Structure formats: C-alpha cells, structure tokens
Amino acid sequence: MNFTDLNQKLTGNSSQIFITTYQSPLGLMFLGATENGICLTEFYDRIHLEKTLLKLADNLKAHFVEEENQHLNQLKEELTLYFDKKLCEFTVPLVLTGTDFQQKVFQSLIKIRYGSTSTYKNQAIVLGDLKAIRAVATANGLNKIAIVIPCHRIIGSDGSMVGYAGGIHRKEALLQLEGALQQTQLSLL
C-alpha cells in the first residue's frame, strides 16, 4: 500500500493517522492509530482496503503518517499475546468511526466473549430491533478494527461461516484459536 498516493487523495486533512504493519500468523496487517487510540486493524488483502482507508481518513479528517505511536506499540504487544493464546480481552484504547448505529453494533461485538459466537439476529435482538438484521450485518462489514472488535465471532444462525472481509479462512482460524469451533457456544452478548 502506498500511503503517499493515498494522502494525495486527501485534501485539507490536518489530523494524523499513524500507520504501521504487523506480521500476524494469518498474514500481514495494517495497524492505524490516532493520538487517542486504535482506529484500524486490517489484513493487507482485505476487500476494498483502499476505499476503507480513504473513508477512515475522511471520517477523522486525517492523513496517513508511516510511523508508530504508543497505541500501536500496545496493540502489537496485545496481538502477539492474543495469537499466543495469552490474551482474551484487548485493553488498547479505540477510536470508533461510523454512524451512531454502527458504533452501537461495534460495541455489541466487543461484548461477545472470547471463545463464544453470536449471530446477526442475536445482535439485532440485543440492539432492540429484530428487523435490523441486515443493517447489523452491513455495520459488521464496515468494522475497521478486525480481531480487536471481534466481528469474526459472528456466524450464521445455522452455525455456518458467514462473510468476513479478511477471508473465511481467517475467520475459521481465529475461531479455532479461541476454541469457539470445538463447541459452538452461542452468546446472546
């Protein structure tokens, strides 16, 4: 990813998103943070990655700077512990973007416990509107903070693997890492 080229598409953005990479066991990831916390954790081959990055920068009125900060350092440490099965809950501060509804969906994802799964239907019920299943699914797909905001813990109502922007193979690997595939423990959040 050429962040210089991306920055040329951003005009008048004065804030900064600090960007670095992280080599996870599941592939290279881009990590991003502002001065206030993490705003990006994505696999390098995520679908529509450039569009996701431009939308993030636009929402935060920011441009990209390829250097690390304290939040990125903390995130790298926590991701390493997570992949080593020594961390079940991330503590790095988050900077959420999106509509109020999308942010509620992201918060509901954070509440799904390590080793558990849920469904779009359960998320919609928890959010108080069973008819919002499609909107919940769309919001999950807009999550820019993979793993930390665990949208990989959402499965189909029939137990099937449903969409994951990082790839179904990664979703399955993350759920296996967490022990969620050994026995499907459906969480109502």
Checked the range 1-65 against the a/c 1.5 cut and the a/b vs b/c comparison, axes a ≥ b ≥ c from its Cα gyration tensor; verdict prolate
Taking only protein heavy atoms into account and a 1.4 Å probe, give the accessible area per residue of the range 74-171 in Å².
47
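Using R₀ = 25 Å, calculate the FRET efficiency as 1/(1 + (r/R₀)^6) where r is the Cβ-Cβ separation of Gln23 and Glu50; round to 0.05.
0.75
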Percent antiparallel among DSSP beta bridges with both residues in the chain, to the nearest 5?
60
Helix 49-60 versus the longest principal axis of the chain: what is the Cα-based angle in degrees, 0 to 90, to the nearest 10?
70
So how much slack lies between Val65 and Arg113, counting 0.36 nm per residue of separation and subtracting their Cα-Cα distance, in nm?
13.9 nm
Within the accessible area of the range 1-147, what % is carbon and sulfur when the probe is 1.4 Å and the other protein chains stay in place?
49
To the nearest 10 degrees, the tilt of helix 70-83 (Cα long axis) against the first principal axis of the alpha carbons of the chain is 30
Return the loop-located trypsin sites (Lys or Arg not before Pro) in the range 1-107 (DSSP other than H, G, I, E, B) with at most 11 other Cβ atoms within 10 Å of their own Cβ; answer none if there are none.
Lys61, Lys85, Lys86
Cross-link table Lys55/Lys111; Lys9/Lys76; Lys55/Lys171; Lys61/Lys121, entries beyond 31 Å C-alpha to C-alpha
Lys61/Lys121
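At 222 nm, what value in deg cm²/dmol follows for the chain if DSSP H runs of at least 4 each add -39500 (n - 2.57) and the sum is divided by all its residues, to the nearest 500? Walk me through the numbers on the way to the answer.
Numbers: 7 runs with 70 residues, N = 189.
Roughly -11000 deg cm²/dmol at 222 nm, from the helical runs in the chain.
When a/c is below 1.5 the answer is rounded, else prolate if a/b is larger than b/c, else oblate, so apply that to the range 81-189 with a ≥ b ≥ c taken from the square roots of the Cα gyration tensor eigenvalues.
Here the range 81-189 falls in the oblate category.
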With θ set to phi - 60° and the Karplus curve 6.51 cos²θ - 1.76 cosθ + 1.60, what are the ³J(HN,Hα) couplings of the range 171-178 in order, to the nearest whole Hz, using x for Gly and Pro?
4, 4, 5, 5, 5, 5, 4, 7
How about the range 1-104: which GluC sites (Glu not before Pro) there are in a DSSP loop, with at most 16 other Cβ atoms within 10 Å of their Cβ?
Glu35, Glu66, Glu67, Glu68, Glu89
Checked the range 49-145 against the a/c 1.5 cut and the a/b vs b/c comparison, axes a ≥ b ≥ c from its Cα gyration tensor; verdict oblate
Per residue of the range 93-106, in order, report the coupling 6.51 cos²θ - 1.76 cosθ + 1.60 (Karplus, θ = phi - 60°) as ³J(HN,Hα) in whole Hz, putting x for Gly and Pro.
x, 10, 10, 8, 10, x, 5, 4, 4, 4, 5, 5, 5, 4
For the range 148-154, just list the computed ³J(HN,Hα) in residue order, Karplus coefficients 6.51, -1.76 and 1.60, θ = phi - 60°, integers in Hz, with x standing in for Gly and Pro.
5, 9, x, 5, 5, 7, 8
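The values are calculated or read from the model by the stated rules, or taken from the named source; none is laboratory data. Keep in mind it's a predicted model, so treat the numbers as computed, not measured. Reconstructed Cβ throughout: ideal geometry from the backbone, glycine too, with neighbour counts over all protein chains shown. These accessible areas exclude ligands, DNA and RNA; they are computed on the full protein's heavy atoms, side chains included. Shrake-Rupley method; radii C 1.70, N 1.55, O 1.52, S 1.80 Å.
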